[in-house]
Structures are given as C-alpha cells and as structure tokens.
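Take a look at the structure set out below.
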Amino acid sequence: MIDQAKVREAITMLLEAIGEDPNREGLRETPDRVARMYEEICGGMEQDAAVPLSKTFSSPSSEMVLQKDITFYSMCEHHILPFFGKAHIAYIPNGKVVGLSKLARTVEIFARRLQIQEKLTAQIADAIMEELGAKGVMVIIEAEHMCMTMRGIKKPGSKTLNYVVRGEFANSQELRDRVFSLILNPYNSPESINIWEDTEEY
C-alpha cells in the first residue's frame, strides 16, 4: 500500500529543495494531492493480472484474436515522469478466450506502477500466455515518453514502438506480418518510430 504520510513528507521536502515555499497558498495542499495521485497511478502494484484473466470462456476457434488501441498511462522508473500511448494485443486461443475488457484491465494493472516500456510489454505477453495457455501472443506498445520530450533531448511527438512475441508468433514471420498489417499501416512515417523486438521463446 502507498504510505501517504511518507509521500506528503517527501513532496514537502522536494518543494523546499527547489526553493519553493510549501506554505504558500498554491502549494499548501499539494503534498496531499500528490499522495492521493500516487495511490491511483501506482495502484497496479497491489493487483494481480491473473484475476481479470481468470474470467474465460470455452472456444473451439483457434483463429487469432486482436485487440488494438488500448490507451494506457504509466510512469517511467528512471525519471518518474509519465509515458503514455497505445497497446495492441494479439493471441491465438487454445480452447478458451478471455473477455475483451480483461485484456485492457491487464494492460492497466502492469502500467499502473513505475515501469519501463520494454518490461511492460513483456509482462503483458507473459501473463496472457501463462493464464490463458494461449498458443501464441504478440503485444505491441507505442508510447511517448515525457522524459524525452519535456527534458533532455526535448523531441516532442517522438514515439517508441516495441513488440514481444511468444509461442507461435515467435516461430512465424507470416503471423507477425499479419498483425503489423492490421495495426501499423496507418503510419505515414514509420522511419520516425524506434522499434525494439523481443522474440524470446516461451
């Protein structure tokens, strides 16, 4: 659980450290606001992705299921600044499927904690593979990182794209190409997207 008292104390010290007055009108309630905010945006730390993924339905189909454009917000563990974007999930059922809202919930559980994009993508893929016993999973995430756009190199609009494949997706370029054709064609400037690939065998 989030220790709100410690967060309030830390924010008060941070305000003092940067030369602010924590007692001025606009900042008096800021430590409390930030403490409540962190309880929300880091709420995934106390949640288990196995819970939403346990709600499954029998299905004889082994055709690929694709859910795209799942909006998420997370916090970079390096600078504690937001990164946000969209996740796309494709999986091949092995006798059972999960409710579509549960895929979005899985993304949210792993996103609501201090994260890096590469780890977030792998966690989502591994949870679906393990909990559903899927024949294969492919997860693609595209995100804008505020630690890159508002500080440092300062390149607003730049996005990072990475993907993780497990099972049959790791063994079939045709399957991977099919997913990309369904998701990535709308991009007009693919050369501006950084792609990081994880093809670890599950």
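Beta bridges from DSSP with both residues in the chain: antiparallel share about 80 percent, rounded to the nearest 5. Cα axis of helix 30-41 to longest principal axis of the chain: angle in degrees, 0 to 90, nearest 10? Around 10 degrees separate the two axes.
Based on C-alpha pairs under 8 angstrom that are at least 6 apart in sequence, the chain has a relative contact order of 18 percent. Here the convex hull built on the C-alpha positions of the chain has a volume of 131 cubic angstrom per residue. Which length gain, in nm to one decimal place, applies between residue 174 and residue 119 when the Cα-Cα distance is subtracted from 0.36 nm times their residue separation? Here the segment from residue 174 to residue 119 would lengthen by 17.3 nm. Packing, as the average of other Cβ atoms within 10 Å across residues, places the peptides 98-108, 7-17, 57-67 in the order 98-108, 7-17, 57-67, highest first.
Under the simplified labelling scheme, the residue 66-residue 6 pair shows an inter-label distance of 4.4 nm, with each label point 7 Å from Cα along Cα→Cβ. Helical content alone sets the calculated 222 nm signal of the chain at -11000 deg cm²/dmol, taking -39,500 (n - 2.57) per DSSP H segment of four or more residues and averaging over every residue. Solvent exposure of region 1-160 amounts to 53 Å² per residue of accessible area, where only protein heavy atoms count and the probe is 1.4 Å. So the label point goes 7 Å from the Cα of residue 80 along Cα→C-beta, right? Which residues of region 109-131 then have their backbone N under 12 Å from it? Inside the label zone: 114.
The values are calculated or read from the model by the stated rules, or taken from the named source; none is laboratory data. No experiment lies behind these values; they were computed from the predicted model shown. Because the Cβ atoms are built from the backbone with ideal geometry, glycine has one as well, and the counts that use them run over all protein chains shown. Each accessible area value is taken on the protein alone, full model and side chains, heavy atoms only, with ligands, DNA and RNA left out. Shrake-Rupley method; radii C 1.70, N 1.55, O 1.52, S 1.80 Å.
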